[in-house]
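Reviewing the structure listed below.
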Amino acid sequence: MHEYLLAGLWGLVAGSGLLVGALIADLFFGKLSHRVIAAVMGFGGGVLIAVVAGELLGDAIHRGVGVSAMIGLLAGAGMFSGINWYLAKGGARNRKRCGECVEQPKEEEQRGSGVAIAVGSVLDGVPEALVIGVTVAGGGKIGLSVIAGFFLANVPQGLSSASGMKFAGRSRRYIFTIWAGIPLLGGVTAAVGNLLLGSATAQGPVILAFAAGAVLSMLAEAMIPEAFENAQAFIGLITVTGLLTLYLISH
């Protein structure tokens with residue numbers, strides 16, 4: 001199988017966690033409290049931290065490109081935060097909120113918020129697709145822990161965000177168009193990233209550090225607020241459990 005097709009397939013698999021989360025939200029809407037969703041989100045946050053620390057930045061450190069990786073890390077974080085700041089003004093700020101504590105805006109309250117939320121949700125998935133596309137370049141093998149980590153972290157994102165969309169009165173067509181479409185776009189992005197960046201194997205660790213910065217910014221700005229606001233006791237332990245789970249998968 002061509003590299004770019006393999007990258008696209010893994011991008012689709014990792015992103016499908018979003019659709020799984022949205023399906024759970026649809027099936028159990030009104031039955032899952034914010035505290036339950038926050039616990040799942042905290043677990044997913046711990047998983048993402050493990051992916052970044054162990055799988056993305058670790059490679060850059062081992063290859064001795066520390067300074068370049070640091071610059072890439074800050075650049076990725078800055079780019080994500082800048083775009084997210086712009087989208088937040090259009091109504092995408094609370095796109096990962098479940099709607100119980102903090103509501104997503106309704107379209108009649110803020111025109112264009114539906115588009116902003118959709119674009120913001122797509123933005124959240126771009127860094128992981130970039131990671132997958134670059135990792136399989138040059139015949140590289142992507143670890144099960146990376147795919148599992150992104151999949152597990154995507155489930156709570158789809159769960160919380162879809163719940164918030166339903167609270168805001170968004171239609172099922174809108175919700176499932178987003179959460180079925182983003183995995184497909186993730187697959188395409190991973191394939192395109194492989195085609196465009198696959199030859200830059202020497203810069204691979206720096207590119208991964210760039211993606212890591214974007215992932216951490218997304219975690220801080222979109223996932224952590226839902227996980228820790230009015231959360232149940234031991235949410236820190238739940239987050240560390242997510243980190244440990246991915247560590248065990250990778251070993």
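The values are calculated or read from the model by the stated rules, or taken from the named source; none is laboratory data. None of these values were measured; they are calculated from a predicted model. Cβ placement follows ideal geometry from the backbone for every residue including glycine, while neighbour counts extend to all protein chains displayed. To get the accessible areas, we keep the full protein, side chains included, count just its heavy atoms, and leave off ligands, DNA and RNA. Shrake-Rupley method; radii C 1.70, N 1.55, O 1.52, S 1.80 Å.
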Next item on the list: Select from region 1-36 the residues that are more than 16 Å from the chain's Cα centre (by Cα), within 25 Å of residue 181 (Cα to Cα) and among the aliphatic types (A, V, I, L, M) and list them in ascending order.
Entry: 1, 5, 6, 7, 9, 23, 24, 25, 27, 32
Item checked: Selection status of residue 219, part of a helix (DSSP H, G or I) and under 21 Å from the mean Cα position of the chain (by Cα) -> yes
Checklist line | Selection status of residue 215, touching a residue at least 60 places away in the same chain (Cβ under 8 Å), β-branched (Val, Ile, Thr) and either farther than 21 Å from residue 8 by Cβ or surrounded by fewer than 24 Cβ atoms within 10 Å (Cβ to Cβ) (or both) | finding: no
Next item on the list: Look at region 159-208 and say how many of its residues are under 21 Å from residue 79 (Cα atoms) and of a type in the set (Gly, Ala, Ser).
Entry: 5
Next item on the list: Kindly list the number of the only condition in (1) over 30 Å from residue 244 (Cβ atoms); (2) in a helix (DSSP H, G or I); (3) not polar (S, T, N, Q) that fails for residue 170.
Entry: (2)
Check: Does residue 136 satisfy the condition of being open to solvent by less than 10 Å² (accessible area, probe 1.4 Å), in contact (Cβ under 8 Å) with a residue 60 or more places away in the chain, farther than 18 Å from residue 18 by Cβ and not polar (S, T, N, Q)?
Finding: yes
Next item on the list: Output the residues belonging to region 74-106 that are in contact (Cβ under 8 Å) with a residue 60 or more places away in the chain, within 18 Å of residue 178 (Cβ to Cβ) and open to solvent by 30 Å² or more (accessible area, probe 1.4 Å).
Entry: 94, 103, 106
Item checked: Evaluation of residue 95 against (1) in a helix (DSSP H, G or I); (2) under 15 Å from the mean Cα position of the chain (by Cα); (3) among the basic types (Lys, Arg) (one fails), failing number -> (1)
Check: Would you pick out the residues in region 1-22 that are touching a residue at least 60 places away in the same chain (Cβ under 8 Å) and open to solvent by 50 Å² or more (accessible area, probe 1.4 Å)?
Finding: 3, 4, 5, 6, 9, 10, 12, 13, 19, 20
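How many residues are among the hydrophobic types (A, V, I, L, M, F, W, C) and either touching a His at 6+ places or on another chain (Cβ under 9 Å) or under 21 Å from residue 44 (Cα atoms) (or both) if we restrict to region 161-174?
First pass over region 161-174, keeping only residues among the hydrophobic types (A, V, I, L, M, F, W, C): 162, 165, 167-168.
From the residues that got through so far, the ones that are either touching a His at 6+ places or on another chain (Cβ under 9 Å) or under 21 Å from residue 44 (Cα atoms) (or both) too are 162, 165.
Result for region 161-174: 2.
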Check: Does residue 186 fit the bill of being farther than 14 Å from residue 44 by Cβ, assigned to a helix (DSSP H, G or I) and either of a type in the set (S, T, N, Q) or open to solvent by 10 Å² or more (accessible area, probe 1.4 Å) (or both)?
Finding: yes
Next item on the list: Six or more apart or on different chains, Cβ under 6 Å: which pairs go from a residue in region 175-188 that's closer than 14 Å to residue 160 by Cα to one that's small (Gly, Ala, Ser)? Could you list them?
Entry: 175/162; 178/118; 178/121; 179/22; 179/158
